[in-house]
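S.K.: Handing you this structure, nothing more for now.
The values are calculated or read from the model by the stated rules, or taken from the named source; none is laboratory data. Predicted model only: the values in this text are computed from it and were never measured. FYI the Cβ positions are ideal-geometry reconstructions off the backbone, even for glycines, and counts take in every protein chain you see. Note: accessible area is taken over every heavy atom of the protein model, side chains too, but ligands, DNA and RNA are not part of it. Shrake-Rupley method; radii C 1.70, N 1.55, O 1.52, S 1.80 Å.
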Amino acid sequence: MNLDIDLAVIGGTGLYQLANLQDVEPHQPVTRYGALSGPVRVGTLEGRRVAFLARHGEGHSLPPHRVNYRANLSALHAFGARRVLALNTVGGITGRFGPRVLACPDQLIDYTWGRVSTFGEDEGSEVLHVDFGDPYTPSLRREVLEAAGSAGVELVDGGCYGATQGPRLETRAEIARMRRDGCDLVGMTGMPEAGLARELGLDYACLAIVANWAAGAGPQVDEVITFQDVLDNVAAASAGIPPLLRALLAR
Ligand code: HPA
């Protein structure tokens, strides 16, 4: 069912709804890949049709490895969405990416395992070798960065997102290895979502919200990361998201 969506937003940990979305209608299709994380809330923002989906479910009931990424993306695609802005809560590894920073990464490394990571999985389906050199769509990244600029929202341009399996956080040694690999950010939901979006031909960009220093990456090396810190920092950093989205849609 094509609902003429101009922009789909997928919310991550701590981001379970979209402020100021008007005339909202929930849609919860079951796809050939199974059930979505929850309802897709379709409404109007800045006069544009916008869809919002909470990746972990509205009550945060789904851990990262249990999210049905294929169902979520195939439904957004069927609703007519052609661009997806993924909001991902992350830990920061390198200097520019401290808690409460917003970033628009341009690279990623996939450390996840055992997740269904392609639409080409089923018997008889086409084997898909999509280009993924730039995992995030450069034109959409540019639009997001320009929108942030015009809205006066600070947004770090670039960075490498390392996608880990979770749901536990990483060891200090794992984060040290990821830093050596070139990762600036670490999160658990960046993949297979970005790869599946590319298989569907969707424009896809990530708005990463840094919730904490990753293990051993901050000034206090043995700092313990609590879920409450994560939620508090996401709430604080999220203040920049509504103005950024308005500017993105007003373009
Ligand atoms: N590691 C992985 N995922 C995360 C983190 C982290 O430190 N913080 C928020 N999501």
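S.K.: Tell me which residues, restricted to segment 152-189, are part of a loop (DSSP other than H, G, I, E, B) and surrounded by fewer than 15 Cβ atoms within 10 Å (Cβ to Cβ).
M.R.: Within segment 152-189, Gly152, Glu154, Gly158, Pro167, Arg168, Thr171, Gly182 meet the criteria.
S.K.: Go through Gly114, Gly201, Gly149 for me and flag whichever is in contact with a helix residue (DSSP H, G or I) (Cβ under 9 Å, 6 or more places away or on another chain), open to solvent by 20 Å² or more (accessible area, probe 1.4 Å) and part of a helix (DSSP H, G or I).
M.R.: Gly149
S.K.: Looking only at residues in segment 115-140 that are out of contact with any Pro (no Cβ under 9 Å at 6 or more places or on another chain) and at pLDDT 95 or above, which one is farthest from Arg66 (Cα to Cα)? Even if it seems obvious, please write down each step before you answer.
M.R.: Quick first cut of segment 115-140, residues out of contact with any Pro (no Cβ under 9 Å at 6 or more places or on another chain) only: 119-134, 137-140.
Right, trim to at pLDDT 95 or above and you get 131-134, 137-140.
Numbers: Asp131: 26, Phe132: 24, Gly133: 26, Asp134: 26, Thr137: 25, Pro138: 29, Ser139: 30, Leu140: 27 Å.
Ranking the qualifying residues of segment 115-140, first place goes to Ser139.
S.K.: Across segment 11-38, what is the number of residues that are within 16 Å of the ligand (Cβ to nearest atom), part of a loop (DSSP other than H, G, I, E, B) and under 16 Å from Asn72 (Cβ atoms)?
M.R.: 4
S.K.: Which residue, of Arg41, Arg96, is part of a loop (DSSP other than H, G, I, E, B) and among the charged types (D, E, K, R)?
M.R.: Arg96
S.K.: A follow-up question, please. Of all residues in segment 72-98 being within 12 Å of the ligand (Cβ to nearest atom) and of a type in the set (S, T, N, Q), which is least open to solvent (accessible area, probe 1.4 Å)?
M.R.: By that ranking, first place goes to Asn88.
S.K.: If we keep just the residues of segment 211-222 that are open to solvent by 10 Å² or more (accessible area, probe 1.4 Å) and in contact with a strand residue (DSSP E or B) (Cβ under 7 Å, 6 or more places away or on another chain), which is nearest to the ligand (Cβ to nearest atom)?
M.R.: Asn212
S.K.: Same structure again: Assess whether Ala208 counts as being touching a Leu at 6+ places or on another chain (Cβ under 8 Å), open to solvent by less than 10 Å² (accessible area, probe 1.4 Å) and more than 25 Å from Leu128 (Cα to Cα).
M.R.: For Ala208, the condition - touching a Leu at 6+ places or on another chain (Cβ under 8 Å), open to solvent by less than 10 Å² (accessible area, probe 1.4 Å) and more than 25 Å from Leu128 (Cα to Cα) - is met.
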